[in-house]
Amino acid sequence: MKKNWLRTGQDPVVFLTLQNGLTVNLINKPGYKQTVASLTVKFGSLTSTYKDRKGKTKTIPAGTAHFLEHKLFDKPEGDVLIKMADLGADGNAFTSNQVTCYYLATHENLRENIELLLDFVQTPVFSEESVKRERGIIEEEIASYQDDPDSRLYQGMLKTAYPNSQLAKDIAGDAFSLQKISSEVLYDVYHNYYRPDNMVLTVVGDLNQDQLCQWIQSNQQAGVLTKARKISVDFANGRPVQVRQDEEKLNVSLERIAWLGGLEMRPNRCLAEQELLAEFVLELVFGEQTDWYQSCYQEGVLGDDFDFEVSMMPGYAYVMFFSSGPRAEEQEKVIQTRLNLVEQILSEDSTDFSLLKRSLIGEKIQQQDQLTSLALDEDLALYGLSLFDKMNLLNQLEQRDLADYARVTFKRSQLAQFIVKKQDNG
């Protein structure tokens with residue numbers, strides 16, 4: 001077992017790599033009554049193909065990662081969530097583009113809950129009967145958010161900008177792809193990705209770290225895990241944004257609009273760092289504190305629901321803007337014009353940089369006291385980049401660093417558009 005001690009502010013952090021390849025992060029928060037633990041698998045909806053043990057490439061049906069998330073809670077002896085509740089823990093899970101994460105929060109029975117988390121995720125039991133039953137449950141889940149304007153807007157924008165891509169597919173899949181998911185497919189995919197060298201366990205709370213290390217090591221030695229091997233993951237690479245416009249009609253009172261612009265990724269630089277830098281750039285250029293936004297708001301071009309977000313992952317890097325109302329053409333014009341001036345805006349002297357820098361660092365400091373934020377941090381699981389590391393990165397930044405970064409990253413400035421329009425009920 002490899003063991004490293006680091007210090008995050010006043011909180012000691014232990015990073016372990018067990019002999020079977022499992023990465024463990026133990027983050028001590030003295031004085032907290034609750035403990036939050038997560039087991040993150042580096043397998044999400046973007047992984048579409050893999051090579052099996054014989055080197056043959058196989059396709060993963062859309063929705064498989066999410067399906068596995070559901071099925072692992074379903075054991076012959078009953079629902080794992082009920083067992084967690086009996087042990088005083090509140091459990092849940094989620095699937096994203098890059099990971100599947102299982103987690104729990106508890107005030108008691110820490111060893112039993114940690115071992116339950118490890119055991120149920122690492123013990124697959126799939127039958128055709130249970131898979132068929134789960135298929136129906138997930139179909140109902142998919143149907144339940146088809147009438148949600150925000151979900152339709154977000155997914156519609158991705159389909160418009162990245163047609164026929166893995167990103168355009170819903171994380172839960174669809175009725176057609178779900179029919180391709182069998183117990184055999186689940187076992188095959190599970191054994192390829194649900195391996196200790198592709199998992200990260202994070203525990204946050206007032207911990208006796210040496211004792212917890214012993215518990216985890218004992219559990220993993222006694223388990224059914226085999227020797228770690230290289231994981232084969234195939235991501236789509238460098239897909240360009242399709243600058244198109246599309247729309248969909250839904251029963252909404254006010255039309256909703258999204259725009260998406262592609263960003264350039266820097267080779268050989270951590271994606272989480274790049275995303276953090278891009279978020280900083282966008283806050284300086286489009287944030288609610290800017291004169292630009294205040295002017296657009298006062299003139300009624302943009303409302304208080306104007307928002308934006310950045311996403312960077314293997315093969316995809318983009319910024320999305322969100323707004324509403326009947327003035328889509330005018331809104332797009334002001335956003336597009338502003339986006340084309342990013343480099344110029346960042347090259348100008350401004351007090352906004354220092355103020356925003358302190359604000360963002362303050363947010364990271366506050367997140368250090370949120371146990372769930374620490375435990376469910378995807379950047380920590382994927383890249384080993386903690387919230388404290390991000391705070392340090394922000395602290396070292398100068399305005400010229402952002403200008404240099406934006407000069408390359410924001411080259412692609414043309415926007416794709418998707419609108420959820422009012423349905424004609426006449």
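Once the convex hull of all Cα atoms in the chain is built, its volume per residue stands at 162 Å³.
Kirkwood radius, segment 62-113, all distinct C-alpha pairs, inverse of mean reciprocal distance: 11.9 Å. The accessible area of Arg133, taken with all protein chains in place and a 1.4 Å probe, comes to roughly 120 Å². Between Leu402, Leu104, Leu201, the GNM of the chain built on Cα springs shorter than 10 angstrom shows Leu402 fluctuating the most. Shown is the FRET efficiency for Gln214 and Asn340, computed with R0 = 51 Å from the Cβ-Cβ distance and rounded to the nearest 0.05: 0.30. Note on segment 286-393: Rg/Rh from Cα positions, Kirkwood definition for Rh, rounded to two decimals, is 1.02. For segment 85-143, taking Cα atoms only, Rg and Dmax work out to 14.2, 39 Å respectively. Compared with the direct C-alpha span, the chain from Val252 to Asn392 gains 46.1 nm at full extension, assuming 0.36 nm per residue.
Take 137-143, 316-322 and order them by the average number of nearby Cβ atoms within 10 Å per residue, most first; the result is 316-322, 137-143. First measure r as the distance between the Cβ atoms of Ser350 and Glu309, then evaluate 1/(1 + (r/R0)^6) with R0 = 22 Å and state the FRET efficiency to the nearest 0.05. Efficiency, rounded to the nearest 0.05: 0.45.
Counting only residues at least eight positions apart within a chain, or on another chain, the aspartates and glutamates with an alpha carbon under 15 Å from that of Lys249 are Asp147, Asp148, Asp150, Asp424.
When all protein chains stay in place and ligands, DNA and RNA are ignored, the 1.4 Å accessible-area order of His191, His70, His107, largest first, is His107, His191, His70.
When the Cα positions of Tyr50, Ser38, Leu26 are compared along the charge dipole of segment 20-105, Tyr50 comes out farthest toward the positive end, with charges on each C-beta of Lys, Arg, Asp and Glu. Students often get this wrong, so check it: of Lys56/Lys180; Lys180/Lys411; Lys42/Lys364, which have C-alpha atoms separated by over 29 Å? Violating the 29 Å limit, Cα to Cα: Lys180/Lys411. Taking the protein heavy atoms of the chain in the context of the full set of protein chains, the accessible area attributed to carbon and sulfur is 45 percent at 1.4 Å. Scanning the chain for DSSP H helices at least 27 Å long along the axis (C-alpha atoms) with a Kyte-Doolittle mean no lower than -0.5 picks out nothing. Loop-located chymotrypsin sites (Phe, Trp or Tyr not before Pro) in segment 72-139 (DSSP state not H, G, I, E or B) with no more than 15 neighbouring Cβ atoms inside 10 Å do not occur. Cα centroids of segment 305-380 and segment 99-147: 33 Å apart. Here the label points at Ser295 and Glu128, each 7 Å from Cα along the C-beta direction, are separated by 6.7 nm in the simple model.
Averaged per residue, the chain has 47 square angstrom of accessible surface, using a 1.4 angstrom probe with ligands and nucleic acids left out.
The values are calculated or read from the model by the stated rules, or taken from the named source; none is laboratory data. It should be emphasised that the depicted structure is a prediction, and the values quoted were computed from it without experimental measurement. Here Cβ is always computed from backbone atoms with ideal geometry, including for glycine, and neighbour counts include all displayed protein chains. Each accessible area value is taken on the protein alone, full model and side chains, heavy atoms only, with ligands, DNA and RNA left out. Shrake-Rupley method; radii C 1.70, N 1.55, O 1.52, S 1.80 Å.
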